[in-house]
Amino acid sequence: MADRDAVSYDPQGVERKWQQRWEERGTNHADLAGASHPFYNLMMFPYPSAEGLHVGNVFAFVGADIQGRFRRLRGADVFEPLGFDAFGIHSENFALKVGTHPAELIPRNIERFRSQLKRIGLMADWRYEVQTTDPRYYKWTQWIFLQLYRAGLAVKRRAAVNWCPACKTVLANEQVINGFCERHPDVKVEQRMLDQWFFTISGYAQRLLDHLETADWSHSTRTIQANWIGRSDGAELVFETPAGKRITVFTTRPDTVFGATYLVLAPEHPLVESLTTAERRSDVNAYRRRVAAMDLVSRKVGEKTKTGEFTGSYARNPANGDSVPIWIADYVLMEYGTGAIMAVPGHDERDFEFATAMKLPVVRVVAGPGQDAATPLPAAEPDVPDGRLVNSPGYDDVPWQEAKRAITAALAAKGLGKPVVNYRLHDWCISRQRYWGPPIPIIYCDACGTVPVPEQDLPVVLPALEDFRPDDSGVSPLARLESWYRVPCPKCGKTARRETDVSDTFLDSAWYFLRYPSADRDDVAFDAGLTRKWLPVSSYIGGNEHAVLHLMYSRFVTMALHDLGLVGFEEPFARFRAHGTIVKDGAKMSKSRGNVVNPDAYVERWGADTFRMYLMFLGPYQDGGDFRDAGISGIRRFLDKVWGLVETHGGADARAHGRAGASADLVRMMHRTIQRVTEDTESLAYNTAIAAMMEYVNALRDGEPAIALVEPLAILLAPYAPHFAEECWERLGHSTSVMDAPWPSFDPALAVAEEVELVVQVNGKVRARLRSARGTPQEAAVQAALADPSVVKFTAGAPPKKVVFVPDRLVNIVV
Ligand SMILES: [Zn+2]
Ligand SMILES: [Zn+2]
């Protein structure tokens, strides 16, 4: 061939052909009942937006698909299901925007997503697709709710909740970002009191935390979860009033109790009424009214200017007996701790600001090296490294950590305290005053109270509702449909009322991995035998943006089902890896920047295989990378080179030639390439696996390759460029799918780089002969030479004046 690069293949034709074959032959089907080495390869199912598949989705799915295909080639029976997370506020808000009913819009979006997902060549077994909006699915979402309800884990209570005035719905704490709605970055979230259904996940906080320690999960994800659970070890201390009222405070720093110069209660605290003296009453009441009108979030964020009112009462500091004033202030919240704090302005910033504003005493009780009891406190010093107690009679000079335990124990002995562990994790509010979700399966009867819908009556089908817009009332749109919510009570038969809230979309996704293997079954949520066989999920890949919502809720639901005896494991995902994100030309992709990469256009132009490989080549999969158009043609050239090798060496002549004609260097390189691709693919280092294949292909083109050297390449490429690999495999004379070929093995002895003898001279005289890997660069070779004992004898450790280096042959050191 005059121009070797002229060889080019037709990706569209090849990909069409193989996608059709896979369907005809059921290549991607898993034998769920018969599998002997089950490997459940899960990826986070997409929300089918109207925009279609995002390049971020493709990046995530391709990386997970490579893992699935790799495991299959290594001998596992891989189940790779996909589905659609189609309920929820995103779909509903979009439907409102374009004026189309979600019941019409969502099936269209799913249709489009499915064809896009098929087009990128995932090994998905579409026979087990799930759609959360399908009554066949959400029947079981409602069933899960009922199981948790029976276990006492679903409770209804009136609570202050985050309310987005733009979404017109309740938000989970996780959906409030610095006081603003995650979907509406300009809209401040408000506080509302509503009756809500909660899952009491907080009771699982310690278990959720403990399991993280041994989980085979990305370190980053484990850290995010641990921080979100937010365990803090502290104490509850009791401050008594002269009238004998006991005010309990939670503190993480009981060692600072001698510095507690006043108490602050949340304005809603039940004791405020009785603590307020007659002369302070009108000011206190006015303040309480003002705070009641405020939103929860700005109270949490904390205004810089501190406000509050003195109740007129005092309580006794349990440590030193001092009388301390009792205040109320909006920065103390009823839902945290006990709704009351001991204020230690010397060592807490908010308390310091408050004390400064209200002219309350500030006392130092912890001093670091070089400080003493009299060292002034121009600002709060919350963390004093190597701090010891001062101004704390009986504990002076004790390190604060030790004092923390000792003081808690001493106060506990007097009945004025106890050690307490607190968690940041709060119960999961699952009520949504919206339309597009599964109705919560509860009926309210005047005679019987709260009655769960009997299981045989599931699903409670979401009724067709023309006007599904939410409003400001805080009541679900379903409450407008009397013909739907008026039902006979399942217990007494009298007219009763359905719950009109729907459940949070995160409940839909908190159990979908249990459903996949049983997606074809209508008699059970999940088959016991298949669940035992296929779960926990072997490998789960997804984004860290779901670390505190989806992943936490899935773990909780699984633990709850385990405790109910419904599944045999506590943790749903044996291995979780967070993938990175793709940016475009250094910037986050967004519609407003106009830099969103439309995967369709790239697949159309370059083919799915090139696009897949290009995305994986952008950077380490777990870090992500920068999408730049310029790089994609390099991948295409690489595939064309492989194509050329297959064309040239795939014929019968070449086959007869066998490995006999292969040079020893190329054989070594083949073993090394197989080793690198195997290890890198296993550890999700896809970019370096691709780089190894590129180096190998260049070497094959420079050398005299034989079919035995080209054939393994088709298999190594199969996870990355599956259609292309199938076509190469067929052209190399095989009639079965490359996915049924065994992954090539390597000989570790051959895989190590070839060694050469490196002669080391000092001042021109041979002093040593070193074994060194072929191609060792000058710096490494000189370093090895200088470290050799017989060389050191002649250089005496002095740095060389000059070095002469002949690659793979000679190092001459002049001293
Ligand atoms: Zn909002
Ligand atoms: Zn009844």
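The values are calculated or read from the model by the stated rules, or taken from the named source; none is laboratory data. Predicted model only: the values in this text are computed from it and were never measured. Note that each Cβ is placed from the backbone with ideal geometry, even for glycine, and that neighbours are counted across all protein chains shown. Keep in mind that these areas ignore ligands, DNA and RNA; they rest on the heavy atoms of the full protein, side chains included. Shrake-Rupley method; radii C 1.70, N 1.55, O 1.52, S 1.80 Å.
Kindly list, by first and then second residue, each pair from a residue in the stretch 202-216 that is under 12 Å from R555 (Cα atoms) to a residue that is among the aromatic types (F, W, Y) and open to solvent by less than 70 Å² (accessible area, probe 1.4 Å), limited to pairs with Cβ atoms under 7 Å and residues at least 6 apart or on different chains.
Going by the 7 Å Cβ cut-off, the qualifying pairs are Y204/F556; A205/Y423; L208/F556.
Looking for whichever is under 31 Å from the mean Cα position of the chain (by Cα), modelled with pLDDT of 95 or more and not acidic (D, E) here; the options are P452, P441, P488. Which one fits?
Result: P441 is the single residue among P452, P441, P488 that is under 31 Å from the mean Cα position of the chain (by Cα), modelled with pLDDT of 95 or more and not acidic (D, E).
Which condition number does Q456 fail, the rest of (1) outside any strand (DSSP E or B); (2) open to solvent by 40 Å² or more (accessible area, probe 1.4 Å); (3) touching a residue at least 24 places away in the same chain (Cβ under 8 Å); (4) more than 30 Å from E240 (Cα to Cα) being met?
Of everything listed in (1) outside any strand (DSSP E or B); (2) open to solvent by 40 Å² or more (accessible area, probe 1.4 Å); (3) touching a residue at least 24 places away in the same chain (Cβ under 8 Å); (4) more than 30 Å from E240 (Cα to Cα), Q456 misses just condition (3).
Can we say R521 is in contact (Cβ under 8 Å) with a residue 12 or more places away in the chain and surrounded by fewer than 24 Cβ atoms within 10 Å (Cβ to Cβ)?
No, not satisfied.
Quick one: would you say F198 is farther than 28 Å from N320 by Cα and outside any helix (DSSP H, G or I)?
yes
Residues S509, S503, S483, S476: which one is in contact (Cβ under 8 Å) with a residue 40 or more places away in the chain, over 27 Å from the mean Cα position of the chain (by Cα) and either surrounded by fewer than 18 Cβ atoms within 10 Å (Cβ to Cβ) or away from ligand 2 (no atom under 16 Å from the Cβ) (or both)?
Among S509, S503, S483, S476, only S476 is in contact (Cβ under 8 Å) with a residue 40 or more places away in the chain, over 27 Å from the mean Cα position of the chain (by Cα) and either surrounded by fewer than 18 Cβ atoms within 10 Å (Cβ to Cβ) or away from ligand 2 (no atom under 16 Å from the Cβ) (or both).
Let me confirm something: among A464, A447, which residue is within 12 Å of ligand 2 (Cβ to nearest atom), of a type in the set (A, V, I, L, M), open to solvent by 20 Å² or more (accessible area, probe 1.4 Å) and assigned to a loop (DSSP other than H, G, I, E, B)?
Step by step, each of A464, A447 is checked, and only A447 is within 12 Å of ligand 2 (Cβ to nearest atom), of a type in the set (A, V, I, L, M), open to solvent by 20 Å² or more (accessible area, probe 1.4 Å) and assigned to a loop (DSSP other than H, G, I, E, B).
Any residue in the stretch 142-159 that is aromatic (F, W, Y), within 27 Å of W228 (Cβ to Cβ) and more than 16 Å from ligand 1 (Cβ to nearest atom)? Write out each step before concluding.
Of the residues in the stretch 142-159, the ones aromatic (F, W, Y) are 143, 145, 149.
The next check asks that each one be within 27 Å of W228 (Cβ to Cβ); those that pass are 145, 149.
After this cut, where a residue has to be more than 16 Å from ligand 1 (Cβ to nearest atom) as well, the list is 145, 149.
Checked against the condition, which is being aromatic (F, W, Y), within 27 Å of W228 (Cβ to Cβ) and more than 16 Å from ligand 1 (Cβ to nearest atom), the stretch 142-159 yields at least one hit.
Scanning for something more than 16 Å from ligand 1 (Cβ to nearest atom) and over 27 Å from E190 (Cα atoms), does the stretch 425-442 turn up at least one residue?
yes
Just give me the residues in the stretch 685-699 being part of a helix (DSSP H, G or I) and either under 10 Å from M670 (Cα atoms) or among the hydrophobic types (A, V, I, L, M, F, W, C) (or both), in sequence order.
Those that are part of a helix (DSSP H, G or I) and either under 10 Å from M670 (Cα atoms) or among the hydrophobic types (A, V, I, L, M, F, W, C) (or both): A689, I690, A691, A692, M693, M694, Y696, V697, A699.
Output the residues belonging to the stretch 455-487 that are within 15 Å of P441 (Cβ to Cβ) and not hydrophobic (A, V, I, L, M, F, W, C).
Selection gives E455, Q456, D457, P459, P463, S476, Y485.
So in the stretch 326-344, with the set limited to residues that are part of a strand (DSSP E or B) and touching a helix residue (DSSP H, G or I) at 6+ places or on another chain (Cβ under 9 Å), which one is surrounded by the fewest Cβ atoms within 10 Å (Cβ to Cβ)?
Across the stretch 326-344, the extreme among qualifying residues is W327.
Are there any pairs, at least 6 apart or on different chains, whose C-beta atoms fall under 7 Å, with the first in the stretch 163-191 and on the phi > 0 side of the Ramachandran plot and near ligand 1 (Cβ under 10 Å from one of its atoms) and the second of a type in the set (D, E, K, R) and in a loop (DSSP other than H, G, I, E, B), and if so, which?
Listed pairs, sorted by first residue: K168/D471; K168/D472.
Taking the stretch 791-805, which residues are within 23 Å of V756 (Cβ to Cβ) and modelled with pLDDT under 90?
Hits for the stretch 791-805 are V791, V792, F794, T795, P800.
Report whether or not I229 is more than 29 Å from L416 (Cα to Cα), open to solvent by less than 50 Å² (accessible area, probe 1.4 Å), in contact (Cβ under 8 Å) with a residue 24 or more places away in the chain and in contact with a helix residue (DSSP H, G or I) (Cβ under 6 Å, 6 or more places away or on another chain). Even if it seems obvious, please write down each step before you answer.
Working: more than 29 Å from L416 (Cα to Cα): no; open to solvent by less than 50 Å² (accessible area, probe 1.4 Å): yes; in contact (Cβ under 8 Å) with a residue 24 or more places away in the chain: yes; in contact with a helix residue (DSSP H, G or I) (Cβ under 6 Å, 6 or more places away or on another chain): yes.
Here the answer is no, as I229 does not meet what is asked.
Yes or no, residue by residue, for (1) open to solvent by 50 Å² or more (accessible area, probe 1.4 Å); (2) assigned to a loop (DSSP other than H, G, I, E, B); (3) in contact with a Ser or Thr (Cβ under 9 Å, 6 or more places away or on another chain); (4) hydrophobic (A, V, I, L, M, F, W, C):
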| position | (1), (2), (3), (4) |
| --- | --- |
| D233 | yes, no, yes, no |
| E236 | no, no, yes, no |
| F239 | no, no, yes, yes |
| V264 | no, no, no, yes |
| H269 | no, yes, yes, no |
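For the stretch 502-521, enumerate the residues that are acidic (D, E) and not in a helix (DSSP H, G or I).
Matches in the stretch 502-521: D504, D520.
Out of all the residues in the stretch 529-538, is one or more open to solvent by 40 Å² or more (accessible area, probe 1.4 Å), touching a strand residue (DSSP E or B) at 6+ places or on another chain (Cβ under 7 Å), part of a helix (DSSP H, G or I) and at pLDDT 95 or above?
Scanning the stretch 529-538 turns up at least one residue that is open to solvent by 40 Å² or more (accessible area, probe 1.4 Å), touching a strand residue (DSSP E or B) at 6+ places or on another chain (Cβ under 7 Å), part of a helix (DSSP H, G or I) and at pLDDT 95 or above.
With H562, H546 as the choices, which residue is open to solvent by 10 Å² or more (accessible area, probe 1.4 Å) and closer than 27 Å to V62 by Cβ?
The match here is H546.
Quick check on the stretch 486-498. Is at least one of its residues open to solvent by less than 10 Å² (accessible area, probe 1.4 Å), outside any helix (DSSP H, G or I), within 16 Å of ligand 2 (Cβ to nearest atom) and over 16 Å from V567 (Cβ atoms)?
Yes, the stretch 486-498 contains a residue that is open to solvent by less than 10 Å² (accessible area, probe 1.4 Å), outside any helix (DSSP H, G or I), within 16 Å of ligand 2 (Cβ to nearest atom) and over 16 Å from V567 (Cβ atoms).
Matching residues to (1) assigned to a helix (DSSP H, G or I); (2) surrounded by fewer than 17 Cβ atoms within 10 Å (Cβ to Cβ); (3) among the hydroxyl-bearing types (S, T, Y):
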| residue | (1), (2), (3) |
| --- | --- |
| K306 | no, no, no |
| F354 | yes, no, no |
| V362 | no, no, no |
| G370 | no, yes, no |
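Is one or more of the residues making up the stretch 192-207 out of contact with any Pro (no Cβ under 6 Å at 6 or more places or on another chain) and within 14 Å of ligand 1 (Cβ to nearest atom)?
Narrowing the stretch 192-207 to residues out of contact with any Pro (no Cβ under 6 Å at 6 or more places or on another chain): 192-207.
Among the residues that remain, those that are also within 14 Å of ligand 1 (Cβ to nearest atom) are: 192.
For the stretch 192-207, residues out of contact with any Pro (no Cβ under 6 Å at 6 or more places or on another chain) and within 14 Å of ligand 1 (Cβ to nearest atom): present.
Given the conditions (1) basic (K, R); (2) touching a residue at least 40 places away in the same chain (Cβ under 8 Å); (3) assigned to a helix (DSSP H, G or I); (4) out of contact with any Asp or Glu (no Cβ under 7 Å at 6 or more places or on another chain), which single one is not true for K404?
In the conditions (1) basic (K, R); (2) touching a residue at least 40 places away in the same chain (Cβ under 8 Å); (3) assigned to a helix (DSSP H, G or I); (4) out of contact with any Asp or Glu (no Cβ under 7 Å at 6 or more places or on another chain), K404 misses (4) alone.
Taking helices (runs of 4 or more DSSP H) that do not extend beyond the stretch 63-167, which have at least 1 residues that are open to solvent by less than 40 Å² (accessible area, probe 1.4 Å) and at pLDDT 95 or above?
102-119, 135-150
Yes/no per residue for (1) of a type in the set (F, W, Y); (2) out of contact with any helix residue (DSSP H, G or I) (no Cβ under 7 Å at 6 or more places or on another chain); (3) without any contact (Cβ under 8 Å) to a residue 12 or more places away in the chain:
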| residue | (1), (2), (3) |
| --- | --- |
| G13 | no, yes, yes |
| R21 | no, yes, no |
| D31 | no, yes, no |
| E51 | no, yes, yes |
| V62 | no, no, no |
| L73 | no, no, no |
| D77 | no, yes, no |
| L82 | no, no, no |
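Let's see how each residue does on (1) at pLDDT below 95; (2) basic (K, R); (3) under 21 Å from the mean Cα position of the chain (by Cα):
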| site | (1), (2), (3) |
| --- | --- |
| K588 | yes, yes, yes |
| A601 | yes, no, no |
| D609 | no, no, no |
| Y614 | no, no, no |
| D623 | yes, no, yes |
